[in-house]
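Here is the structure we will look at, set down as structure tokens.
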Amino acid sequence: MVEIRIEFDDDEQYERLKELKQHHGLTWKGLVLEGEKRVLEEAPDRQ
């Protein structure tokens, strides 16, 4: 298993993303994967 470390610019950014993941019932991994899906939807040539 690969492990990554995410650094946030400040506490406000961390809290905003933490609330977003909790609101949608996601883990940090799930939030990253959902972000990936949205990026690929916006730029399908990057798949």
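Read-outs throughout are calculated quantities, based only on the coordinates presented, and are distinct from any laboratory measurement. Not measured: the values here are computed from a predicted model. Backbone-built Cβ (ideal geometry, glycine too); neighbour counts: all protein chains shown.
Data overview
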quantity	calculated
Filter result (in a helix (DSSP H, G or I) and either of a type outside the set (Phe, Trp, Tyr) or on the phi > 0 side of the Ramachandran plot (or both)) within the range 24-36	Lys29, Gly30, Leu31, Val32, Leu33, Glu34, Gly35, Glu36
Some residue of the range 5-23 being without any contact (Cβ under 8 Å) to a residue 12 or more places away in the chain, outside any helix (DSSP H, G or I) and of a type in the set (Val, Ile, Thr)	no
Residues satisfying the stated conditions in the range 1-12, i.e. within 14 Å of the chain's Cα centre (by Cα) and loosely packed, with under 11 Cβ neighbours inside 10 Å	Ile4, Arg5, Ile6, Glu7
